[in-house]
Amino acid sequence: MKTVDLVIFDCDGVIVDSEGLLNEIVAKSLTDHGLPISAEECHERFVGGTMYILRDRAIEAGAKLPENWVNEIYAEIFERLRQGVDVSKGFVELIDTLEEHGVKIAVASNGPMDKMRASLGPSGLFDRLDGRIFSAHDHNTAKPEPKLLELAAQAAGVAIERAVMVDDSPAGVGAARAAGMRFIGYAEHGNKDKLTEEGADIVYSMQELKERLSAL
């Protein structure tokens, strides 16, 4: 890790294995509102964007969503996440190792802070990473725009070229490229094909990610 001073992680699908759960909730709601769709189709069509973007695309596709749908779906998601969600195996050990080597950690997500508080809270990770978590909802931006990554690097006092973004979506690839930051695609929980289409360097576990980072 001679050239890495900061690793920025996406949350859903990287730190926590929550994508399947979230897509089940959203797919059921869209189906109930006139857009029949499976969880798998929901993931395929909408992965990586904000819930507001998802809402707009769903309406264009025929969903009849109420004006407050985003708030309603987030309330349902938060309630489910508070019951607990699996942290990706080896994540805590990875960040322990990174910090032992002086590498800083940050989180950059298109989701709202309350969602990350719900998904990371039960494991203690929200408290551990507090102050280093950057939400698109708090900064009037979203991946694939680069601003979240730039803010994380600036807050850590790290030059862009010495930071690495780890994400499971094309939006993350786009943000890293726009920022001029290195990128590693995380496909343990899915999205291999989408990341491959973007030409991303891909890993399938936290152990493999640790090895890849060690080689940089």
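The values are calculated or read from the model by the stated rules, or taken from the named source; none is laboratory data. Keep in mind it's a predicted model, so treat the numbers as computed, not measured. As a convention, Cβ positions derive from the backbone with ideal geometry for all residues, glycine included, and neighbour counts pool all protein chains shown. With ligands, DNA and RNA removed, areas are computed over all heavy atoms of the protein, side chains included. Shrake-Rupley method; radii C 1.70, N 1.55, O 1.52, S 1.80 Å.
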Picked from the range 40-78 (must be hydrophobic (A, V, I, L, M, F, W, C) and touching a His at 6+ places or on another chain (Cβ under 9 Å)), the residue most open to solvent (accessible area, probe 1.4 Å) is 65
task: Examine the range 185-206 for a residue that is within 21 Å of residue 52 (Cβ to Cβ), open to solvent by 10 Å² or more (accessible area, probe 1.4 Å), assigned to a helix (DSSP H, G or I) and not basic (Lys, Arg), and state whether such a residue exists.
output: no
Is it the case that some residue within the range 118-135 is of a type in the set (Asp, Glu), without any contact (Cβ under 8 Å) to a residue 12 or more places away in the chain, out of contact with any Asp or Glu (no Cβ under 7 Å at 6 or more places or on another chain) and under 25 Å from residue 151 (Cβ atoms)?
yes
Residues of the range 13-34 being part of a loop (DSSP other than H, G, I, E, B) and either surrounded by fewer than 20 Cβ atoms within 10 Å (Cβ to Cβ) or polar (S, T, N, Q) (or both), in sequence order, are 17, 18, 33, 34
Quick check: anything in the range 102-112 in contact with a helix residue (DSSP H, G or I) (Cβ under 8 Å, 6 or more places away or on another chain), at pLDDT below 95 and open to solvent by 30 Å² or more (accessible area, probe 1.4 Å)? no
Given the condition crowded, with 21+ Cβ neighbours inside 10 Å, part of a loop (DSSP other than H, G, I, E, B) and at positive phi, answer yes or no: does some residue in the range 169-178 qualify?
no
Of the listed residues (145, 161), the one being in contact (Cβ under 8 Å) with a residue 12 or more places away in the chain, touching a Gly at 6+ places or on another chain (Cβ under 9 Å) and not in a helix (DSSP H, G or I) is 145
